[in-house]
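The values are calculated or read from the model by the stated rules, or taken from the named source; none is laboratory data. Only a predicted model underlies this, so the values are computations on that prediction, with no experimental measurement involved. Every residue, glycine among them, receives a Cβ derived from its backbone with ideal geometry; neighbour counts consider all protein chains shown.
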Amino acid sequence: MSTRHTHAYTAIPPTDTFVTLARAENSPDRGSGYGRHAVWFFRALLLIPFALMAPEVISAIMGQPDGIANISASVADVLGTSTFLIFIMMLAVTPLYTTTGWRWHVILRRDYGIAMFFAAATDITLAAATTGDTFPGSPLTRVGGHTFLVAGTLATLLLVPLVLTANKRAQRWLGRHWKSVQRLTYVVWGTVLVHLFLLFGLSTIFLYALAVSAPLALLRMPFVRRWWDASRRTHSHRALRAVAGIALIAAFAVGYVPLAQELAVKGSAAFVQSPARD
Ligand code: HEM
């Protein structure tokens with residue numbers, strides 16, 4: 001194994017947090033051509049949810065008829081699905097490193113974490129402002145009038161300490177407690193799954209969410225992570241890793257593809273300001 005790869009392994013601790021640690025940010029292959037372009041491509045994707053919602057928001061601000069009602073019909077579908085997809089991409093960063101040893105993408109963990117916060121914050125703000133037709137009452141009722149709303153709101157609020165501490169200064173200030181704060185990511189994960197279970201029961205979106213979550217959770221188990229990491233570095237168990245990798249990607253795709261389709265359908269309807277009212 002080359003020195004560069006040995007360094008690649010040691011440069012990134014097998015941490016699993018909301019942010020990218022300093023040493024990973026300064027990793028040597030961050031500047032490599034393809035990696036840099038890929039990073040910007042994945043960053044550009046983060047604009048999609050906001051672009052999809054922009055026409056409805058602008059119409060509402062301009063006082064167009066149906067402006068508010070359109071946002072109300074779109075917001076949870078477009079921003080809820082986007083927030084979840086961004087979260088999943090963020091959670092995929094560490095397993096991708098474990099299985100491939102790639103490092104170019106590690107910087108995206110922080111970007112995706114911060115974008116997730118902004119998508120969820122926009123979601124809750126628009127929900128509080130516009131969903132009175134579905135959840136009559138005050139803005140508080142619109143974000144907390146049902147158990148599934150409480151779960152969505154809680155998940156969003158839990159992102160606040162995560163995003164506030166997603167920087168090196170907070171990391172220095174919190175010292176060894178920083179990791180504990182970042183572990184709130186797992187509480188967010190569980191809370192989002194509760195939100196989706198309460199909404200959909202054992203069907204559709206909740207099952208897709210479980211399907212994308214399962215491989216990401218499995219690859220975080222210390223035993224699995226250590227085994228994969230060690231066999232990758234020693235080039236052993238290649239066939240087993242290939243078969244396991246294909247099975248994990250397949251499980252991930254079973255959940256991810258329908259969620260991305262949902263965003264494409266609901267998002268394009270929102271973009272042309274013609275959301276389905278269900
Ligand atoms: C981390 C934050 C959140 C995530 C990841 C999330 C995720 C999701 C997802 C994936 C859906 C399914 C969308 C679909 O049917 O296409 C959904 C639905 C929904 N969410 Fe959230 N959500 C979050 C926060 C919130 C908040 C803050 C609220 C409101 C206060 C909310 C209210 C809803 C409602 C009402 C639905 C049902 C939409 C429908 O099927 O008509 N969510 N959420």
Of the residues in segment 192-232 that are near the ligand (Cβ under 10 Å from one of its atoms) and hydroxyl-bearing (S, T, Y), the one that is surrounded by the most Cβ atoms within 10 Å (Cβ to Cβ) is Y208
Any chance R172 is under 29 Å from G101 (Cβ atoms), surrounded by fewer than 16 Cβ atoms within 10 Å (Cβ to Cβ), of a type in the set (K, R) and more than 9 Å from the ligand (Cβ to nearest atom): yes
The condition from (1) within 11 Å of the ligand (Cβ to nearest atom); (2) more than 17 Å from D77 (Cβ to Cβ) that R277 misses is numbered (2)
Residue set R23, R4, R43, R30; condition among the charged types (D, E, K, R), closer than 29 Å to A260 by Cα and at pLDDT below 95; output residue R30
Of the candidates S203, S180, the one satisfying the condition of being without any contact (Cβ under 8 Å) to a residue 12 or more places away in the chain and more than 20 Å from the chain's Cα centre (by Cα) is S203
G67 meets each of (1) in contact with a helix residue (DSSP H, G or I) (Cβ under 7 Å, 6 or more places away or on another chain); (2) more than 30 Å from H37 (Cβ to Cβ); (3) within 11 Å of the ligand (Cβ to nearest atom) with one exception, condition (3)
Just one listed residue, out of V143, V160, V181, V187, is within 21 Å of V78 (Cβ to Cβ) and either surrounded by fewer than 21 Cβ atoms within 10 Å (Cβ to Cβ) or within 8 Å of the ligand (Cβ to nearest atom) (or both), and it is V143
Cβ pairs under 8 Å, 6+ apart or interchain, first in segment 76-100 and over 20 Å from A264 (Cβ atoms), second aliphatic (A, V, I, L, M) and within 8 Å of the ligand (Cβ to nearest atom), ordered by first then second residue, are M90/M116
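Residues are listed down the side, and each one gets a yes or a no for (1) among the aromatic types (F, W, Y); (2) surrounded by 24 or more Cβ atoms within 10 Å (Cβ to Cβ):
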site: V57; (1), (2): no, no
site: S82; (1), (2): no, yes
site: I88; (1), (2): no, no
site: G101; (1), (2): no, no
site: W104; (1), (2): yes, no
site: I107; (1), (2): no, no
site: T122; (1), (2): no, no
Next item on the list: Return a yes/no flag: does segment 107-117 have any residue that is near the ligand (Cβ under 8 Å from one of its atoms) and without any contact (Cβ under 8 Å) to a residue 40 or more places away in the chain.
Entry: no
